Every structure is written in structure tokens, then in C-alpha cells.
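The values are calculated or read from the model by the stated rules, or taken from the named source; none is laboratory data. Computed from a predicted model, the values in this text were never measured in an experiment. Positions of Cβ are backbone-derived with ideal geometry, glycine not excepted, and every protein chain shown enters the neighbour counts. Please note that ligands, DNA and RNA were not included when accessible areas were found on the heavy atoms of the full protein model with its side chains. Shrake-Rupley method; radii C 1.70, N 1.55, O 1.52, S 1.80 Å.
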Amino acid sequence: MSDKEGFFIKFHEKINNSLDDVSKNNFANLESNSKRVSYLFSLPAVKSYDLTGDIAKCSKDGEISEKKDLEKAHQLKDEGNKAVQKGDWAKALEFYSQAMMFVPHKDTDELSILYANRSAALSHLEQYEDTLSDIKRCLSLAYPRYLRYKVYERRARTLLIVKRHQEAITAFQDTITALDEANNLNKEKRQKMRTDAKLMLEILNKGITLAGNPKDPEPLRKTPPKPKLPGKNNPQYPAASDAIQIDYDEAKGRYATAARDIQAGESLLIEKPFSGVLLGEYSKTHCQNCFIKCPVPIPCPRCPNVIFCSEKCSDDAQKTYHSYECQILPLLWKSGCSITCHIALRMITQHKKDYFNEIISNMEEKPTGVYKSGDYKNIYHLVAHEDKRTKQDFLHRTQMTTFLLKLLEISGYFDNKPREKPIDINELKSLGIDEKHKDDVALIGGLILKNLQVLQFNAHEVFELQCPKPRVGNNVIKHNGKSVFLAGAVFPTLALFNHSCDPGVVRYFCGPYIVVRAVKNIKKGEEVAENYGPIFTTVPKEKRQADLKEQYWFDCTCVPCQQNWPRYEDMTENYMRFKCDSDHPCPNVIPVPYDCQEFMVKCGLCNQYTNILKGLKSLQDTDMMYKLGRGAMEEGKYGEAIKKFIEMLKLYDSTLAPPYKSYYDCVQDLRRSMLAMGNYSIV
């Protein structure tokens, strides 16, 4: 629930120690989440709790958070200008971006100059689409009219480079018009620029006429395109493909199975999170909204705490959760509460209070109809194991809820008015919440407490691959990249997939979307399982079982656990595991030594014979295929590598039964090649 650092742990201990046995017993007898939260808020120990001392210890100069600061913005801009004089454009880009974060909302002229400066740095770094975006931003703000000729000319030259000639004509015309207002330019320089622009217009117009007025090429996409499922979607669970069906039984709950034979490589699910939160330490390097790395960020207009990758992400965040979280984010980070607690809060702040008031009356009814990723009711009904929780567990989570509710009150959420001014530390002298919000405490508090329980078992880590910089002219080699945990999120459809210590799928991210693909051939009717952490090839059975029991509260009964499969390093390679090739399906595995002289071997279960020679013939090509797959992978040609590994798996599956080393070598490399298709950044 919380890290060792931060003030929440101390708050938790103090509240615990101040509750007498009567209060604890009263709390233990409460039946609903709403009642638990309302009861805790009614206790004097909570009402009178003063957070200011704890916060002051982890604050600079008693300030809760950094504020917009024009002086700081000027200092950073000056550093950027110094880097320009040294010709260090990458450093300049960095300083100008940092400076933007501190420019107050009203100083649009200052922000416009920073965008203009940054566009120059980007142009030198040959990042032409970003150059054009920054010029557009700079002109949409109060950029001084006497300087506009500079950015119009930069836009015109950049459009020439990217071969968008029709647009370049307009930009050169704008340059000529803007030169009329360039009263800081001497006459000769102004005349020369005008002549150059007219000459360029003449050349462009001629060239375009000769070429038959072709259309400009489309601008290059900066953000990854939204991934799409090939084929049809499951009509009931639209985030999943029609190869997936969701079944139910008493012991397992809901789980995914194959509605038809699934081939390795198939995309089975693409889903946007219902809610997701970036870790605090990446708030100034990655987009707050979609989690992709932003070397050319857009600042939040109201706080210097977060960045966005595009106007779209910024607008989405400002219109929903960030308008409330803007001022309280630093408090969340300092409290030491876990990412799960922050997601529990974000699940609330991304909707207005009225949304929850409307849906609460029939919240307990199981949802029917199409299962949508954006429907809160689907999250509400994920596994929470409320019946198995101890009173101490409830108490701990309810204490966290009281802190989160206090933050919601001071953020303006209960009044539907996001706060404008920074938080004064004295607002946290009491955890008590104004009596007029009594109903909000019961409703929203009950939902936050439920969210905390659901997320314990249903949240996923969001990660990216951090890869070394490639040599000039080479592909980025992503499969050697390090997988780094950036954010936490909840994906309602994926949450229905059960665990196996030998998973049939791999997960990766494209922007905020999770992509789930098969890394094995899965037969119709078999379970399609993902992995919650421990994999049988590397973790011994006892440890896997203990970890899953502790974190997810279930006993794993997957095949590797039931049959006690060996770890990868303990797999013996002195015999082959042939599938019984009988006319009637027979589940038996026939161990055949490598030096076996016979080519027909009898099955001990069905007494039929299996033709070993036929199997060995089909396996002849696998060594060569593996070499080709590995070769493509080492060159960063992942599409090619994936094709080879899939072919190999087909041959293996027709003959041998896992576990054996070469099968898992192939699955592992297929997995690594697929991970390379997801979000990555160059380190």
C-alpha cells in the first residue's frame, strides 16, 4: 500500500495506536465500504490528525510543491542560449523544454519565445516535424510581430526539406509579409531576405507546374498509430479477438479460453486502460497521459510537475483528472503511497462526481451486455476477495482512503471546481472533511476503498524497453533492451485472463494500449493464460506457489505445477519427448533416447505405435530455421525473426511435447522479438 519512505507509514501507525478496542471492534463489525469510511471519519483521532508536521519534513522551505516561476524560467532559458552559443543544440533543447515548464500561464509571450528558440534547436537536430509543431505553437501565442519573419522563414526552409512544397509556398509568402513589420532588421538584410524568398517562390511555382501540381506528402506521424486487431473482434468482449471466449466456473471465476485453434503470433487482445498512472520519477520525461517518452514535451499550463507529448494528451488530461490532480500530485508523491493508491484515486478524478451519483443505485447488479473497457461497473465487479479480508486489512485500506478523500476535498473535486491556487500547508492541519460533503465521503470513499481492493489483484505494470543507442545506419537492437516499469494501469478485459506459470501469451504496449499476442499454438478449448510474475523455467515450484498465494490468494494448478516440470536449467536433453501419434487422440508422451535404433515405438497407454522417423524428418529443418531467426533478430529485423520462430513452433508442435530446452529457446526468442514491437526509448 505504501513505500517505506514518505509520511503515510507514520500516519498509519499513529492512527492505529490511537484507536481503542471498542473503536476497532465497531469498525470490524461494519458490512460495507461506505460505512467503514464514514465511521473512520467520525473518530476524533482522524478528525484531529495534523499532517503539516509530516509534510514539512519532506518539503523544501515549507512549500508543498514547486510553483510556476518566471525567474527560474529565465535562468533556464539563459542556459539554453549559452548552449546555442557553444553549438550544443541537444543541451539547448533540454534547457528550453525545462524553462517552458516554469513559465506562468499568463506569460504567453515568454512561452512563445521559448517555442521559437526550441524550434531553432530542433531544426539543427534535423527533427523537422517537431520543428514545424513548435513554430505552429509559437505563432498561436503572443510571439512578437517584429520577430515573426524569422519563424516564417524557418518554417518555409523546413517544409522544403520535407518536400511539402505547396505549404512552403505559403510560408515564403508569409515571410515576405512579415518582413514589413521587422523594424529591428537593417534595410539591406531585409531586402536580401525579401529577394531570396521571392526567388524561392519563383523556383517552387515553376517546379510544381512542371510536375503537374502534385499533392504534398502527408506529415510523418509522431505518435505510434493505434494498434488494431486483425480479423474480427469478440462481439461480447470487443477488446479481444473472436479467437478468445470468456468462460466461468466456481473455482476459477472468469477465465479466457480459445474459441478456435490459435496460431503463435496472433494478436488476441488490444485494450486501452480504464485508468493508468505514471510513476512520479518519470513525470518529467514521459507523457502523463499516454506514458510515451517525450524528448520534445509540452508543459502543463498550471503546474511544473508534469509534461505531455501532444496537445491532444494535454487536453484529455486537463479536461478530466489533471485539472483536480494538478495541485495535489506532489502530496501524493511525498506521502509514499503506492502507484495502486494513485490509480484508485485516478479512477475517480477522471470522471465528474455526477457520473458516480448516476450509476451508484444499480452498482451491485452484475453488468450484462457488451463488456466495455471504459465502464466503471466492469471494474467494480472484478475479483476483490472482500470475504477473505481481515479487519486489519480493511482498516489499513480505509486509512489510506481517508487521506485520498482529504486530497479530493482540497483539490475542489467535491465542488466540481478544480482549484486554481497552490495548496497552503495549513489546509492539512485536520484530516476532517467539511460536514456538507458527508454524502460525498460515503459515496466516493466507498468506491475508493473498493478500488484499492480490486487493484490488488487486477492492476498491471506498464513498461517500455530502454535500448542502447545504435551505430549510425544500424537498426535499434531492442531485444537486448532493459524492460523498465513506468506506470500502473487496470485493463478490464485482460484482468479476466487467469495465470499460468507457462503462459501462452506475451504483453507489450503501443502508447497506452496493451497488446496481447500468442507465443504458442493453442488448441480450441484450451485455456489462454497470461503470467502474473513467476515463470516455471526460472522459478522453482515451491517459490512460485508461495508467491502467488501471498500476492494473489490462490493455489496455482497450471500444468507445470501439477506435473512438477523441471526448470530450464534442469531439463535433460538425453531423450526426446514424442507425442503419441495414435489414430485416437492420446495424451501420452513417449520418451525416446537420442540413440534409439527403432523407428516405430509402442505407446504404454494406448498400445499403438508412433513413427519416430517421420517425426525426426520434420524436425530436420529446425536448427537451420533457428539460426535464421536468431540472425534476423540480432540485426533488429523482428518481423522476419518472428516468422521463422513461428514456423519452428509448428514443426515442434506436430512432433514433440514440452518441456524441453529447444522449445523454450524458441518461445523465449519469439517473446523477445514481439516485445521489440512495443514502446521503447533510446538511452
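What tally of residues in segment 369-405 results from selecting those that are part of a helix (DSSP H, G or I) and touching a residue at least 40 places away in the same chain (Cβ under 8 Å)?
19
For segment 211-254, what are the residues that are touching a helix residue (DSSP H, G or I) at 6+ places or on another chain (Cβ under 7 Å) and open to solvent by less than 60 Å² (accessible area, probe 1.4 Å)?
Residues satisfying the conditions are Asp216, Ile246.
Right, Arg302: surrounded by fewer than 23 Cβ atoms within 10 Å (Cβ to Cβ) and either under 22 Å from the mean Cα position of the chain (by Cα) or modelled with pLDDT under 95 (or both) or not?
yes
For (1) under 34 Å from the mean Cα position of the chain (by Cα); (2) under 19 Å from Lys406 (Cα atoms), each residue gets a yes or a no:
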site	(1), (2)
Tyr39	no, yes
Ser42	no, yes
Lys47	no, yes
Lys57	yes, no
Ser65	yes, yes
Asp69	yes, no
Ala73	yes, no
Asn81	no, no
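Looking only at segment 573-610, count every residue that is over 50 Å from the mean Cα position of the chain (by Cα) and in a strand (DSSP E or B) and tell me the total.
Summing the residues that are over 50 Å from the mean Cα position of the chain (by Cα) and in a strand (DSSP E or B) in segment 573-610 gives 4.
For segment 622-635, give me each residue that is in contact with a helix residue (DSSP H, G or I) (Cβ under 9 Å, 6 or more places away or on another chain) and either open to solvent by less than 90 Å² (accessible area, probe 1.4 Å) or not charged (D, E, K, R) (or both).
Thr622, Met625, Tyr626, Leu628, Gly629, Arg630, Gly631, Ala632, Met633, Glu634
Given (1) modelled with pLDDT under 85; (2) touching a Leu at 6+ places or on another chain (Cβ under 7 Å), where does Gln620 come up short, assuming only one miss?
The failed condition is (2).
Mind checking whether some residue in segment 313-322 is out of contact with any helix residue (DSSP H, G or I) (no Cβ under 7 Å at 6 or more places or on another chain) and in contact (Cβ under 8 Å) with a residue 40 or more places away in the chain?
no
Do we have any residue at all in segment 653-667 that's aliphatic (A, V, I, L, M) and farther than 28 Å from Leu486 by Cα?
Looking through segment 653-667, at least one residue is aliphatic (A, V, I, L, M) and farther than 28 Å from Leu486 by Cα.
Could you list, in sequence order, the residues of segment 467-497 that are at pLDDT 95 or above and open to solvent by 30 Å² or more (accessible area, probe 1.4 Å)?
Passing the criteria: only Phe485.
Among Leu670, Leu619, Leu651, which is the only one that is surrounded by fewer than 20 Cβ atoms within 10 Å (Cβ to Cβ), among the aliphatic types (A, V, I, L, M), touching a residue at least 12 places away in the same chain (Cβ under 8 Å) and over 19 Å from Asn574 (Cα atoms)?
Exactly one residue qualifies, and that residue is Leu651.
Here is a yes/no grid of residues against (1) assigned to a loop (DSSP other than H, G, I, E, B); (2) touching a helix residue (DSSP H, G or I) at 6+ places or on another chain (Cβ under 9 Å); (3) without any contact (Cβ under 8 Å) to a residue 24 or more places away in the chain; (4) crowded, with 20+ Cβ neighbours inside 10 Å:
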{"position": "Phe509", "(1), (2), (3), (4)": "no, no, no, yes"}
{"position": "Phe536", "(1), (2), (3), (4)": "yes, yes, no, yes"}
{"position": "Lys543", "(1), (2), (3), (4)": "no, no, yes, no"}
{"position": "Asp547", "(1), (2), (3), (4)": "no, no, yes, no"}
{"position": "Asp555", "(1), (2), (3), (4)": "yes, yes, yes, no"}
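Open to solvent by less than 20 Å² (accessible area, probe 1.4 Å), in contact with a Gly (Cβ under 6 Å, 6 or more places away or on another chain) and in the same structural domain as His584 (by TED's automatic domain parsing): does that describe Ala657?
no
Quick one: in segment 104-142, of everything that is outside any helix (DSSP H, G or I) and touching an Asp or Glu at 6+ places or on another chain (Cβ under 9 Å), which residue is farthest from Pro304 (Cα to Cα)?
Checked segment 104-142; the qualifying residue farthest from Pro304 (Cα to Cα) is Ala142.
May I ask you to list the residues in segment 611-632 that are more than 43 Å from the chain's Cα centre (by Cα) and of a type in the set (A, V, I, L, M, F, W, C)?
Ile612, Leu613, Leu616
Answer yes or no as to whether Cys300 is out of contact with any Cys (no Cβ under 6 Å at 6 or more places or on another chain) and not aliphatic (A, V, I, L, M).
So Cys300 passes the test.
Condition (residue is more than 28 Å from Val516 (Cα to Cα), crowded, with 19+ Cβ neighbours inside 10 Å, in contact with a Lys or Arg (Cβ under 8 Å, 6 or more places away or on another chain) and modelled with pLDDT under 95) applied to segment 279-298: is it met by at least one residue?
Looking through segment 279-298, none of the residues is more than 28 Å from Val516 (Cα to Cα), crowded, with 19+ Cβ neighbours inside 10 Å, in contact with a Lys or Arg (Cβ under 8 Å, 6 or more places away or on another chain) and modelled with pLDDT under 95.
Taking the criterion of being in a helix (DSSP H, G or I), open to solvent by less than 10 Å² (accessible area, probe 1.4 Å) and at pLDDT below 95, would at least one residue in segment 332-349 satisfy it?
Yes: segment 332-349 contains one or more residues that are in a helix (DSSP H, G or I), open to solvent by less than 10 Å² (accessible area, probe 1.4 Å) and at pLDDT below 95.
Which one of the conditions (1) under 18 Å from Ala495 (Cβ atoms); (2) touching a residue at least 60 places away in the same chain (Cβ under 8 Å) does Gln327 fail to meet, given that it meets all the rest?
(1)
Identify all residues within segment 350-365 that are in a loop (DSSP other than H, G, I, E, B) and open to solvent by 10 Å² or more (accessible area, probe 1.4 Å); write none if there are none.
Gln350, His351, Lys352, Glu364, Glu365 - these are the residues of segment 350-365 that are in a loop (DSSP other than H, G, I, E, B) and open to solvent by 10 Å² or more (accessible area, probe 1.4 Å).
Only one of these is of a type in the set (D, E, K, R) and surrounded by 23 or more Cβ atoms within 10 Å (Cβ to Cβ): Glu464, Glu427, Glu435, Glu420. Name it.
Step by step, each of Glu464, Glu427, Glu435, Glu420 is checked, and only Glu464 is of a type in the set (D, E, K, R) and surrounded by 23 or more Cβ atoms within 10 Å (Cβ to Cβ).
Report, ordered by the first and then the second residue, all pairs with beta carbons closer than 7 Å, sequence separation of six or more or different chains, a first member in segment 293-307 that is closer than 14 Å to Phe95 by Cβ, and a second member that is aromatic (Phe, Trp, Tyr).
What qualifies is Pro297/Phe308.
What helices (runs of 4 or more DSSP H), lying completely within segment 4-58, carry at least 1 residues that are among the basic types (Lys, Arg), open to solvent by 40 Å² or more (accessible area, probe 1.4 Å) and closer than 17 Å to Thr390 by Cα?
Here the list reads 21-28, 33-42.
Taking segment 75-90 as the search range and keeping residues that are closer than 25 Å to Arg302 by Cα and in contact with a helix residue (DSSP H, G or I) (Cβ under 7 Å, 6 or more places away or on another chain), which one is most open to solvent (accessible area, probe 1.4 Å)?
Glu79
Please count how many residues of segment 153-172 are open to solvent by 60 Å² or more (accessible area, probe 1.4 Å) and among the hydroxyl-bearing types (Ser, Thr, Tyr).
So the count comes out to 1.
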